[in-house]
Structure formats: structure tokens, C-alpha cells
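Read through the structure below, which is laid out as C-alpha cells, and then see the notes.
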Amino acid sequence: MAILKKQFVNPELPDRLFRVLTAGAAWLAMLLLVGLVGQLFYCAMPAVRRFGFRFLVASEWDPVNNIYGALPAVTGTLVTTAIAIVIAVPISFIVAMYLVESAPHWLSVPISHTLDLLAAIPSIIYGMWGLFVFVPFMQTYIQPLLADRLGLKHLAFFGPEYNGFGFLTAGIILALMILPFICAVMRDVFRLVPNVLRESAFGAGATHWEVTYDIALKYGARGLLGAVFLGLGRAVGETMAILFVIGNVQNLPRSLFGSGTTIAATLANNFGEAEGILKSSLFELGLILLLTALGIQVLAQLWLNRIRKQMGEQ
């Protein structure tokens, strides 16, 4: 009986089944993405037909007269994301480098666990903390320091008025939210550097900085850039951490202290009672946000492939 079973069972069947399942899962992910983009585009068509390209460059948002423009939300998203990346990336790099290269074991372990826990905190918690704790702190200490004592209120990027809310506050909250995520990935990338490379560099007389810059940084360049782009992708589409502290008004960013909105915040504020052309405009905003996130990931992959070719990898 065992011999008959071996004769009738194809030995290549498990491998074929595995290939079919994995290929099906990959194509399912692709079909879901295409279906999501197609559905958003279909629902946004009334707004596309009515406003056309003007929707991207118009700044008016008037539900009474059904006139909508995406420019305040798009620029607000870009401003808050830029602030978050500028703050989070250098700090994440320094902390990750310290944990791997310099920190003693008794200190690096609890800090690493803390970073992992912070990365898992829901974004609404950051938003609530920002509203009830950080906004009053900004209004009482940080914004008066920047505007009055340092005299930055006369500059173009800092307005004369402040109330704790605004793009700067939202950008800092967003930076605090994505910092543990980026730092955790960078830490793991530094840990993947082979010890033999570090030991060889130290044996040749290199300092800690030279080992980090010439060995660890170059060896893990792709992973470090991947961490930055992953944090960037998360920052672009963040909703709740921004919704509580940005002010939620359809204004173009004229100063870092000014209030405004983002694409995600606009969707969260208006979708509950949206109908007709307003609903279609919100779908178009969602389509812009999705295409922006996809574009970031595509650029990230192209950049990483370029770095890989420069390093001589296939």
C-alpha cells in the first residue's frame, strides 16, 4: 500500500501548491491596491469633473456654495510632515547609534524596550496628550520664548500671534509619534552590522565616530533610509495626532504658529455629514493622500535601488 501511495502522489505537488498560494497572496495585495485606487477615483469623479485641476490649487473651502479647494490641506500635510521629519530623523539616528555603539547593556536594554512600547502607542493617545498637556505648554513657554524673547515673530515663518495650536505644535507631536518607530528600525539596522567589521576597524586604530560613520552607516545605509521613508509614509497619513492640535481651519500656512489643517484632518472633520459634491471632494482628497503615500514609497524604492547599485550590489 505504501508503494502504491508513492506511485500515485506527485512529489512536486507540495511545491506547486506553495507557489500557487504565495503567488495568489501577492496578486491579492496588488488587486486590493488597484481596487482601492479605482474605487476612490470613481467616487471622486463628480468633483474631478466639476473642479478639474483647479481643485489642487484653489484655497477656498465653502460648503455653503459648494466650492472646494485642496491647497490648504495639501500644504498643511507637507508642512507638518516636513517639521516632523526634520526633528525626528536626527534624534532617532543619534539615539539608535548611542544604544548600539556606546550605551552599556544595563541602559540600552530598558531604553530599547521603552522605544518599542512607545512605537506601539495609538496615535489618538498622542493627540489627547498634545491637546491637554503640550498645547498649554507651547502657549505658556515655547511660543513666547520663540516669538518674544528670541524675536522670531518678525520673521516670515513665525507669526505675531499664537495660542498653542498650529503647524509647529502639530509637527512636534507628529515627530514624537514617529520618532520611536524610526529609532527602533535604525537600532536594528545598526545591530545587523557584523562585529568583525567593527573589530577590524578598531584594530586599525579607528575611533568610535569613524567606525560608526565609515562602517556602520555605510553598511546599513539602505536600512536607515528605509526607516526614514517608512516614518515619512506614516507621518503623511496621520490623523488623530494632528486633529487635536493643528486648529482645523482651512487656511494656507502663513506661519508656523498659525492654525490650519491636513488632508487626514479634513477627512475626519467632514466625512460624517458629507453629501453630494462635498463627499466627492473628500474622496478626491483621499485619492490625493493615497497617491502621495504611494509616490513616497516608489521614490524610496528607486533611491534604495540606486544606492544598492552604487555599492556594487546586484
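Numbers at a glance
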quantity: Given charges at beta-carbon only (K, R positive; D, E negative), |dipole| of the chain in Debye; calculated: 740
quantity: Cβ-based exposure ranking for 245, 34, in which fewest neighbours within 10 Å come first; calculated: 34, 245
quantity: 10 Å Cβ shell holding at most 15 others, DSSP loop, GluC sites (Glu not before Pro): longest site-free stretch of the chain; calculated: 162-274
quantity: For the range 150-276, diffusion coefficient by Stokes-Einstein and Kirkwood Rh (Cα), 20 °C, 1.002 mPa s, µm²/s; calculated: 121
quantity: Loop-resident sites, the range 159-198, for chymotrypsin sites (Phe, Trp or Tyr not before Pro), counting at most 12 other Cβ within 10 Å (DSSP); calculated: none
quantity: For residue 68, distant residues with modelled amide H under 5 Å away; calculated: 62
quantity: Rg over Rh, two decimals, the chain (C-alpha only, Kirkwood Rh); calculated: 1.08
quantity: Residues 263, 91, 288, sorted so that the one with the fewest Cβ neighbours within 10 Å comes first; calculated: 91, 288, 263
quantity: Hull shadow area, averaged, the range 93-180 [alpha-carbon convex hull, nm²]; calculated: 7.2
quantity: Label-point separation, residue 133 to residue 273 (7 Å along Cα→Cβ), nm; calculated: 3.3
quantity: Estimated vicinal HN-Hα couplings, Hz - the range 59-66 in sequence order (Karplus 6.51, -1.76, 1.60; Gly, Pro = x); calculated: 10, 7, 10, 10, x, 5, 9, 6
quantity: Alpha-carbon centroids, the range 118-175 and the range 246-281: separation in whole Å; calculated: 19
quantity: Efficiency of FRET from Cβ geometry, residue 252 and residue 150, R₀ 35 Å, rounded to 0.05; calculated: 0.90
quantity: Extreme residue, positive dipole direction of the chain, given options 38, 106, 136 (C-beta unit charges); calculated: 38
quantity: Dipole-positive endmost among 271, 177, 221 within the range 50-310 (Cβ charges, Cα centre); calculated: 221
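Just so you know, all these numbers are worked out from the coordinates, no wet-lab data involved. On a predicted model such as this, the values are computed, not experimentally measured, just so you know. So basically every Cβ, Gly included, is an ideal-geometry build from the backbone, and we count neighbours across all protein chains shown.
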